[in-house]
1. Does Gly15 satisfy the condition of being modelled with pLDDT under 95, more than 12 Å from the chain's Cα centre (by Cα) and loosely packed, with under 14 Cβ neighbours inside 10 Å?
2. Search segment 54-66 for residues that are farther than 18 Å from Gly16 by Cβ and of a type in the set (A, V, I, L, M) and pair each with any residue that is at pLDDT 95 or above and part of a strand (DSSP E or B) when their beta-carbon atoms are under 8 Å apart and the residues are at least 6 apart or on different chains.
3. Quick check on my filter: what residues within segment 7-66 are hydroxyl-bearing (Ser, Thr, Tyr) and in contact with a helix residue (DSSP H, G or I) (Cβ under 9 Å, 6 or more places away or on another chain)?
4. Consider Ser30 carefully, then state whether it is among the polar types (S, T, N, Q), open to solvent by 70 Å² or more (accessible area, probe 1.4 Å) and in contact (Cβ under 8 Å) with a residue 24 or more places away in the chain.
5. Is it the case that Val63 is open to solvent by less than 50 Å² (accessible area, probe 1.4 Å), in a loop (DSSP other than H, G, I, E, B) and not hydroxyl-bearing (Ser, Thr, Tyr)?
6. Restricting to segment 1-60, name every residue that is outside any strand (DSSP E or B) and touching a Phe, Trp or Tyr at 6+ places or on another chain (Cβ under 6 Å).
7. Might you let me know whether segment 97-106 holds any residue that is assigned to a loop (DSSP other than H, G, I, E, B), touching a residue at least 40 places away in the same chain (Cβ under 8 Å) and surrounded by fewer than 18 Cβ atoms within 10 Å (Cβ to Cβ)?
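The values are calculated or read from the model by the stated rules, or taken from the named source; none is laboratory data. All values reported here derive from a predicted model rather than from experimental measurement. Neighbour counts are summed over all protein chains in view; Cβ atoms, including those assigned to glycine, are modelled from backbone coordinates with ideal geometry. For the accessible areas, the whole protein counts, side chains as well, though only heavy atoms, and no ligand, DNA or RNA atoms are used. Shrake-Rupley method; radii C 1.70, N 1.55, O 1.52, S 1.80 Å.
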Amino acid sequence: QVQLAESGGGLVQAGGSLRLSCAASVSILSFNNMAWYRQAPGKQREMVARMPRGGITNYADSVKGRFTISRDNVKKSLYLQMNSLKPEDTAVYYCNVQVGGLVYWGQGTQVTVSS
């Protein structure tokens, strides 16, 4: 069983920055894929950034050049650095990992960008 705990969300003005963190309860070295998703009110959950093990990271077109996904194996954590935030980035952000054929989600952290 993998537990994920996101943090770092909050209220920020447009143009500002936030850094989200996702701490895992177990080593992340064996994770096949780690990703951030988001869900805005009334919209479907969408992938924001993905970091497959041994693969190339990829981003949603809407965040390319503004968001950066990274990981720290020692701290068992995944991060999402978000710069130049826009009101349309407002959503609940979720950490997602795949390991051993199973998928785990964090509880989400709210990001609100004011105009």
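1. no
2. Note: pairs meeting the criteria are Ala60/Glu46; Ala60/Met47; Ala60/Val48; Ala60/Ala49.
3. Scanning segment 7-66 gives a single hit, Ser62.
4. No, not satisfied.
5. On the way: open to solvent by less than 50 Å² (accessible area, probe 1.4 Å): yes; in a loop (DSSP other than H, G, I, E, B): yes; not hydroxyl-bearing (Ser, Thr, Tyr): yes.
Answer is yes for this residue.
6. Val2, Arg45
7. Yes, some residue in segment 97-106 is assigned to a loop (DSSP other than H, G, I, E, B), touching a residue at least 40 places away in the same chain (Cβ under 8 Å) and surrounded by fewer than 18 Cβ atoms within 10 Å (Cβ to Cβ).
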